[in-house]
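Worksheet: one structure, shown below.
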Amino acid sequence: MDEPIIRTRNLTIRFGGHTAVDHVSLDIPNNTFCSIIGPNGAGKTTFFNLISGQLAPSEGKIEFKGQDVTRLPAYKRIRAGMGRTFQITNVFPDLSVLENVRLAVQAKAGVHYQILKHHRRYNRLIEAAQELLESVNLADKAEQQALALSHGDKRKLELALSLALEPDVLLLDEPTAGMAIEEVPAVLELLAKLKAAGNRTILLVEHKIEMVMSLSDMVVVLANGRLLAQGGPQAIMDNELVQAAYLGGTG
């Protein structure tokens, strides 16, 4: 059996007297679409922040591709193959859509810009950026200023920036947060396309249960910072503890 790409053991973080993530032990298989759900305050985003290195745990261990990364800073986890999007979009608003992605591609390639070199020397970076914009359905908006994009298109751009880093694991924190209803289907289609490619693990936090159940291979349920249940979508839907947590407002 293959080693899980992410493994946590007794992962815990406390803020004063509050335990936000409480001894969570979890194995996430490689090339799996795994969603993390739970009532408000369940610790989902905090758990994400521990995995990606934005927060350091009070106790426990995180392994990524078989290596202990518990104390590894976020930027080194990115270099190791983790990509992360946030609930709030994080793009360069004054640059064009294409330039945003081109900079991410350039960073991944380790190419330092030199003002005296002709721009054609960077054509391969631009071509790679254009391909990424095609993949997130933003090719027709390449020359627009990022500031002018709709919220939904900004989320697509942020996803393109993460994909430019060629991550083995893509962590998506509520990618449809704040979107107009009409924008959600396009993101759903995009996530389905990423899943179908089958070449990376996708870890999703999302409140839209129908979306989670339609996309996920594996669903993890947190409540009050603890691991309540894990399994396939239908098993989670049928789980009485999960039903009680949601209906009872636990968390």
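The values are calculated or read from the model by the stated rules, or taken from the named source; none is laboratory data. These numbers were taken from a predicted model, which means no experiment stands behind them. Glycine also receives a Cβ, built like all others from the backbone with ideal geometry; neighbour counts cover every protein chain displayed. The protein model used for the area step is the full one, side chains on, heavy atoms only, and it has no ligands, DNA or RNA in it. Shrake-Rupley method; radii C 1.70, N 1.55, O 1.52, S 1.80 Å.
Looking at segment 25-55, which of the residues that are part of a strand (DSSP E or B) and among the polar types (S, T, N, Q) is least open to solvent (accessible area, probe 1.4 Å)? Out of the qualifying residues, it is S35. Against the test of being outside any loop (DSSP other than H, G, I, E, B) and either more than 27 Å from D94 (Cβ to Cβ) or of a type in the set (F, W, Y) (or both), the options L194, L171 yield a single qualifying residue, L194.
Looking only at segment 137-148, decide whether some residue is crowded, with 17+ Cβ neighbours inside 10 Å and either modelled with pLDDT under 80 or assigned to a helix (DSSP H, G or I) (or both).
From segment 137-148, those crowded, with 17+ Cβ neighbours inside 10 Å are 138, 141-142, 146; that's our starting set.
Next cut, either modelled with pLDDT under 80 or assigned to a helix (DSSP H, G or I) (or both) only: 141, 146.
For segment 137-148, residues crowded, with 17+ Cβ neighbours inside 10 Å and either modelled with pLDDT under 80 or assigned to a helix (DSSP H, G or I) (or both): present.
Yes/no per residue for (1) in contact with a helix residue (DSSP H, G or I) (Cβ under 8 Å, 6 or more places away or on another chain); (2) free of Cβ contacts under 8 Å to residues at least 60 places away in the same chain:
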residue	(1), (2)
K195	yes, no
H207	no, no
V219	yes, no
P233	yes, yes
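Scanning segment 149-168 for residues that are open to solvent by less than 20 Å² (accessible area, probe 1.4 Å) and either at pLDDT 95 or above or among the acidic types (D, E) (or both) yields D153, E158. Determine if segment 116-124 includes at least one residue that is at pLDDT 90 or above and among the hydrophobic types (A, V, I, L, M, F, W, C). No: zero hits. Among the residues that make up segment 93-101, is at least one of them part of a strand (DSSP E or B), open to solvent by less than 50 Å² (accessible area, probe 1.4 Å) and more than 30 Å from N239 (Cβ to Cβ)? The answer is yes, given that some residue of segment 93-101 is part of a strand (DSSP E or B), open to solvent by less than 50 Å² (accessible area, probe 1.4 Å) and more than 30 Å from N239 (Cβ to Cβ).
Among residues of segment 57-69 that are closer than 14 Å to T46 by Cβ, those with a Cβ under 8 angstrom from a residue that is of a type in the set (D, E) and open to solvent by 30 Å² or more (accessible area, probe 1.4 Å), sequence gap 6+ or separate chain, pair up as I62/D68. Of all the numbered requirements in (1) touching a strand residue (DSSP E or B) at 6+ places or on another chain (Cβ under 7 Å); (2) at pLDDT below 90; (3) open to solvent by 30 Å² or more (accessible area, probe 1.4 Å); (4) not β-branched (V, I, T), P175 misses one, and that requirement is (3).
Inspection of segment 17-24 identifies at least one residue that is free of Cβ contacts under 8 Å to residues at least 24 places away in the same chain and either touching a strand residue (DSSP E or B) at 6+ places or on another chain (Cβ under 9 Å) or open to solvent by 50 Å² or more (accessible area, probe 1.4 Å) (or both).
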